[in-house]
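A.B. asks: This is the structure, below, for whatever I ask next.
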Amino acid sequence: KDFMNHLKQLIREVPDFPKPGINFYDITTLLKDGAGLRSVIDSLNERYKGAAIDAVVGIEARGYFFAPTVAYSLSVGFVPVRKPGKLPAKTVEVEYALEYGTDKLTMHADAIEPGQRVLIVDDVLATGGTAQAVAQLVERQGGKVAGLGFVIELDFLEGRKKLTGYDIFSLLHY
């Protein structure tokens, strides 16, 4: 409990960003704190140590801060999921709903092998739309979602409801 409160104190809350009424949890202040960063990465690594995972998918952009370190600790590969037009080879894409309109994410068509057990890692679980879209992308390629790991979960947005049936781990809850 004290450990979690310490980590929360390292996260800067920015009111009215990116628009009025939104409280943004800025992890850059956590990332620049060496002990805090180590604690977050160690906690994620500890949660998945020994788990049957073949690849770790990270979601652009802030998922990239954490997903490669988890992949490294598990001695498995890291797969980036990116916005369209950023990956050079053949890609697969998923379109998903945003609060206003839609967005798309892509990954290389050969990034996930059928049957691979995949861990999806991102910084924040908010409404769950992005994580749900990436899970669909993994499954469409024949992968099995072994879990979804987040540094922060915004409980009041109930993003977990979109991810029913998946193993979800969030280090910090707001």
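The values are calculated or read from the model by the stated rules, or taken from the named source; none is laboratory data. Just so it is clear, the model here is predicted, and its values are computed rather than measured. Backbone-built Cβ (ideal geometry, glycine too); neighbour counts: all protein chains shown. The protein model used for the area step is the full one, side chains on, heavy atoms only, and it has no ligands, DNA or RNA in it. Shrake-Rupley method; radii C 1.70, N 1.55, O 1.52, S 1.80 Å.
A.B. asks: Which one of Val92, Val79 is of a type outside the set (Ser, Thr, Tyr) and within 20 Å of Asp167 (Cβ to Cβ)? Spell out how you get there, then give the answer.
C.D. replies: Values: Val92 fails: within 20 Å of Asp167 (Cβ to Cβ).
None of the others qualify; the one that does is Val79.
A.B. asks: Tell me, which strands (runs of 3 or more DSSP E) wholly within the stretch 1-113 include 2 or more residues that are open to solvent by 50 Å² or more (accessible area, probe 1.4 Å), modelled with pLDDT under 95 and closer than 25 Å to Tyr174 by Cβ?
C.D. replies: Working: elements: 12-15, 23-26, 55-59, 77-81, 91-97, 102-108.
Of the strands (runs of 3 or more DSSP E) lying wholly inside the stretch 1-113, those with at least 2 residues that are open to solvent by 50 Å² or more (accessible area, probe 1.4 Å), modelled with pLDDT under 95 and closer than 25 Å to Tyr174 by Cβ span 23-26.
A.B. asks: On to the next question. Take Thr130 and tell me if it is open to solvent by 20 Å² or more (accessible area, probe 1.4 Å), of a type in the set (Ser, Thr, Tyr) and under 30 Å from Gly36 (Cβ atoms).
C.D. replies: On the way: open to solvent by 20 Å² or more (accessible area, probe 1.4 Å): yes; of a type in the set (Ser, Thr, Tyr): yes; under 30 Å from Gly36 (Cβ atoms): yes.
So Thr130 fits the description; yes.
A.B. asks: So Val121 ticks every box in (1) open to solvent by less than 40 Å² (accessible area, probe 1.4 Å); (2) in a loop (DSSP other than H, G, I, E, B) but one. Which box is left unticked?
C.D. replies: Of everything listed in (1) open to solvent by less than 40 Å² (accessible area, probe 1.4 Å); (2) in a loop (DSSP other than H, G, I, E, B), Val121 misses just condition (2).
A.B. asks: Restricting attention to the stretch 137-162, and to residues there that are free of Cβ contacts under 8 Å to residues at least 60 places away in the same chain and assigned to a loop (DSSP other than H, G, I, E, B), which single residue is surrounded by the most Cβ atoms within 10 Å (Cβ to Cβ)?
C.D. replies: Gln141
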